[in-house]
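Here the structure comes first, spelled out in structure tokens, and everything after it is commentary.
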Amino acid sequence: MIQVRGIHKSFDGKPVLKGIDMDLNECETTVILGPSGQGKTVLIKSLVRLIRPDAGRILIDGEDIFTLPLKRFRTLQNSMAFVFQANALFDFLNVRDNLSLFMRMHRRMSHAEIESAVKSAIQFVGLGSSVLDKYPEELSGGMQKRVAIARAILKDPRVIFYDEPTVGLDEGNVKKVIELIGRLKEEVCATSVIVTHDIPLMQQVADKVALLKQGEIMFMGPRQDITSEMLHTLYVMGEANEP
Amino acid sequence: MIEKLGFRVIGFFRTVWEVFLLFLNTLKAFPSVWFYRRQILDQLHVFSVNTLPIAAVIAVFVGLGAMIQGTYQSSALVPRTFTINVIFKSTILELCPIVLSLVLAGKLGASLAAEIGSMKISEQIDALQTLSLDPIGFLILPRIFAGLIMLPVITIFANFIALFTVFFVATVMTQWVSAPEFISGMQLNFRVFELYFGNIIKPAVFGFWIALIGSYFGMKTHGGALGVGKTSTNAVVVSAILIVLFDYYLGAFLL
């Protein structure tokens, strides 16, 4: 479904991604695992055309997203959702407007239909309708994360990208987020791409894992094939090798 | 030293080029005006309702200041209708538009730069893109639209208040001139174009710069809260310089 071929990216002459190749399949949860500063966020943002790589191609359903005309890409983008590390909820909109923005702008839906979709999404993530009139700043970090996931769900996506979904959350909220990722895969067969440094998260949700070390894929394969030596090399040796 | 100067010159021209590109991209987003109508209405509200009280206060004192200066500097030999004419023209052509625009560059320019800047650093602009929304159409087009429309509206309102203040003080409170003298003073050498110039052309140009420069610096923000602070300061300083510069050139070419 998504093919990544030879992605290179540098910032100020410093290489961040050095020839990434990977295949992401439908209805599969792929976790890109690695410590901080290895290029995980750059990679996941490249997958949705937020960052343009210096070289390489990203194909979604066989189409290179960087050569597609914007209009065609927007159509493709409508079937993808992104959950940001810091949630990126619009702070000038309340939760209801945050959730309904995409539908209001892109879907021909009545006000009642939008309201009903918003309420179902907020219930799906385990929040009550009372949060709909609140602004993001009035919510806890865990609640914001769940609202961000609800916003993603409302796009009715085929692929959901998560950038460090458990960062900064307490244990209870981490559990809820993990449960939501699992439910989305089971109930709507969403393809998930998760970048994280969180090994327990990887162990609980991943079908396939890519280990990213200093801008290169060190290993890619089923979660069961990951060994503790690999994780040791990735984290202990990886950090020791950092300048 | 020379190297530093060279970098600054290159940086300056790069900024000018980037502002120009942002303007072109905003023009490209113009056909989406109807699509972003709700954001445009929101910005029209921000640019108007929230600034009218400030505009009213400024207008009253601009009018009073112009009157004090006019009466102080005119000699006894100058007919009072001439003095009223000078006060009238200096107020609507120069003082109200420029003082108001400079204050609004501080208020609106800084706030929109900070707003877009904090959206940038908290990935909200990326989030817009992932929702298939064009950040330029969603954020910048409405602000430029609001600047172009609302600055003239606010200036018309302010000019009216300033002139009414001058009229009230000159004819009722101090009885420096009579009402008919005041009216005939305003009519001296009157050209309708002056009304368009002071009330529409100048404020529209100033409003455009306030919105474009604020948006540009907002989009260029990086580096957390400190970056947002720098962004707001830069937006205000650059908008103020452009307002003063265009104030001169518009007068030189159009009057």
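The values are calculated or read from the model by the stated rules, or taken from the named source; none is laboratory data. Computed from a predicted model, the values in this text were never measured in an experiment. Cβ sites come from the backbone with ideal geometry, for glycine too, and all protein chains shown count toward neighbours.
When region A:53-87 is limited to residues that are without any contact (Cβ under 8 Å) to a residue 12 or more places away in the chain and in a helix (DSSP H, G or I), the one that is nearest to the other protein chains (Cβ to nearest Cβ) turns out to be A:Arg74. Once region B:69-126 is narrowed to residues that are outside any helix (DSSP H, G or I) and within 14 Å of another protein chain (Cβ to nearest Cβ), the residue that is surrounded by the most Cβ atoms within 10 Å (Cβ to Cβ) is B:Glu123.
For A:Ile44, are the conditions met, namely being assigned to a helix (DSSP H, G or I), in contact with a Leu (Cβ under 9 Å, 6 or more places away or on another chain) and either at pLDDT 95 or above or within 12 Å of another protein chain (Cβ to nearest Cβ) (or both)? Criteria met by A:Ile44. In the set (1) part of a loop (DSSP other than H, G, I, E, B); (2) more than 29 Å from A:Glu186 (Cβ to Cβ), A:Leu50 fails one condition alone, (2). Taking the criterion of being surrounded by 13 or more Cβ atoms within 10 Å (Cβ to Cβ) and in a helix (DSSP H, G or I), would at least one residue in region B:6-15 satisfy it? Yes, there is a match, as at least one residue in region B:6-15 is surrounded by 13 or more Cβ atoms within 10 Å (Cβ to Cβ) and in a helix (DSSP H, G or I). Whenever a residue of region B:1-22 is touching a residue at least 60 places away in the same chain (Cβ under 8 Å), its partners that are assigned to a helix (DSSP H, G or I) and not hydrophobic (A, V, I, L, M, F, W, C), lying with C-beta atoms within less than 6 angstrom and at least six residues away or across chains, give the pairs B:Val19/B:Tyr216; B:Leu22/B:Tyr216. With the checklist (1) surrounded by 15 or more Cβ atoms within 10 Å (Cβ to Cβ); (2) at positive phi; (3) within 14 Å of another protein chain (Cβ to nearest Cβ) in hand, flag the one item A:Asp12 doesn't pass. All conditions pass for A:Asp12, except number (1). Within region B:165-192, the residues that satisfy the criterion of being touching a residue at least 60 places away in the same chain (Cβ under 8 Å), of a type in the set (A, V, I, L, M, F, W, C) and either surrounded by fewer than 20 Cβ atoms within 10 Å (Cβ to Cβ) or part of a loop (DSSP other than H, G, I, E, B) (or both) are B:Val169, B:Trp176, B:Val177, B:Met186, B:Leu188. Being touching a residue at least 40 places away in the same chain (Cβ under 8 Å), within 14 Å of chain A (Cβ to nearest Cβ) and touching a Phe, Trp or Tyr at 6+ places or on another chain (Cβ under 7 Å) holds for only one residue in B:Pro142, B:Pro135, and it is B:Pro142.
If the condition is being aliphatic (A, V, I, L, M), outside any helix (DSSP H, G or I) and more than 22 Å from B:Ser111 (Cβ to Cβ), then region B:26-50 contributes only B:Val33. Where helices (runs of 4 or more DSSP H) sit wholly within region A:88-202, those with at least 2 residues that are in contact with a strand residue (DSSP E or B) (Cβ under 8 Å, 6 or more places away or on another chain) occupy A:141-153, A:171-188. In the set (1) within 14 Å of chain B (Cβ to nearest Cβ); (2) at pLDDT below 90, the condition left unmet by A:Lys155 is number (2). Yes or no: A:Asn94 touching an Asp or Glu at 6+ places or on another chain (Cβ under 8 Å) and either within 14 Å of chain B (Cβ to nearest Cβ) or closer than 26 Å to B:Ile116 by Cβ (or both)? Yes.
Filtering region A:97-123 to residues that are within 20 Å of the chain's Cα centre (by Cα) and at the interface with chain B (Cβ under 9 Å from one of its Cβ atoms) leaves A:Leu101, A:Phe102.
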